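Below: one structure, written as structure tokens.
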Amino acid sequence: MEQSVPSLDKPLPRDRRWPRYVWRVPLLLWHLAVHLPLTLILVSPLGERLRWGDEHLRHRAIRWWSAGLMRIFGFRLQRFGAPVKGAALVVANHLSWLDIELMHSQRAVEFVAKSEISRWPLVGWLARRAGTIYHRRGSTESLASVAQMMVLRMQQGAQVGVFPEGGTTDGTRVKVFHARIFQTAVEADVPVQPVALRYLLDGAPNRSVPFLDGESFFANFVRLLGEPPMVAEVHFLEAIPAHSEGRRRIAEAARERIVAALALPPP
């Protein structure tokens, strides 16, 4: 009797994830040993002064590095829409630490992230070199200084990215956006661009991707490295003028556009 052969595109039991580790781990080590030093050279002050097309060479290097890392993890990248040009506040739904790499693969953005990420191996270090602004959760003083830094960088022409939900979700919903962070766009007089992110396996959201409370970064990193091939979608949506209807309405409009792009049920 002819036996069926399991598809490599289907999730494998834990004891059969090793074939993916066998070829992805060497690729990851090559990315770290060879591509990382080259990226470091390009993200130096020299890379900030040189331009390639409409972006700094440093930003081009960050996009190259991040896209390579996503592909090593087995993601096929799909982009819909286009990033706005010039300074902007970029807001997205939040599922995983991979969100930053997925966004960086398309456009270099200076993210606001929790200070714990700065201590994560590799990801935290690279995020610092990419201009990440760190804040201490629960600290009003930290939030105020972060807001001032965001305004300054956007006034200098940068795109600053935030996850307004304040934490990750399992992808079945988009939590309420904190409106206070949108005040920075009003003060800097820059548009707000909503971005919708999702990770698909066989055309459906993959519930194994979200990085939720209770799981360590290392465990999540290793688990995702053995996951089957997936699609990572990034949807750049229509930008919202900073002075349209006040920060709360801007926050609501940004969330509504992301919910619609992800085809989630309305709240």
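Since every read-out is calculated from the coordinates, none of them should be taken as a lab result. Since we're looking at a predicted model, the values are computed, not measured. Using ideal geometry, Cβ is built from the backbone for each residue, glycine included, and neighbour counts are taken over all protein chains shown.
Tell me which residues come under 5 Å, amide H to amide H, from T132 once H is placed; ignore anything under 5 positions away on its chain. Long-range HN contacts for T132: F111.
A simple spin-label model places the labels of L29 and Q156 3.9 nm from each other, with each point 7 Å out along Cα-to-Cβ.
Report note on the peptides 88-96, 229-237: ranked by the mean count of other C-beta atoms within 10 Å, highest first, their order is 88-96, 229-237. Working value for segment 160-221: equivalent-ellipsoid semi-axes of 27, 15, 10 Å, each the square root of 5 times a Cα gyration tensor eigenvalue, largest first.
A simple rule links phi to the HN-Hα coupling: the Karplus curve 6.51 cos²θ - 1.76 cosθ + 1.60 with θ = phi - 60°, which for segment 177-189 gives 7, 6, 6, 4, 5, 6, 4, 5, 5, 5, 5, 7, 6 Hz, with x for Gly and Pro. Rounded to the nearest Hz, the phi-derived 3J(HN,Hα) couplings of segment 164-170 under the Karplus curve 6.51 cos²θ - 1.76 cosθ + 1.60 (θ = phi - 60°) are x, 6, x, x, 8, 10, 8, where x marks glycine and proline. Applying the Karplus relation 6.51 cos²θ - 1.76 cosθ + 1.60 with θ = phi - 60° to segment 147-156 yields 3J(HN,Hα) values of 4, 4, 5, 4, 4, 4, 5, 5, 5, 7 Hz, where x marks Gly and Pro. Amide H to amide H, with H built 1.01 Å from N, N93 comes under 5 Å of V195, L197, counting only residues 5 or more places away or on other chains. You can think of it this way: the chain between W64 and D202 has 47.1 nm of extra reach, that is 0.36 nm per residue less the Cα-Cα gap.
In this structure, the amide hydrogen of Q159, modeled 1.01 Å from its nitrogen in the peptide plane, lies closer than 5 angstrom to those of A88, E110, counting only residues at least 5 positions away or on a different chain.
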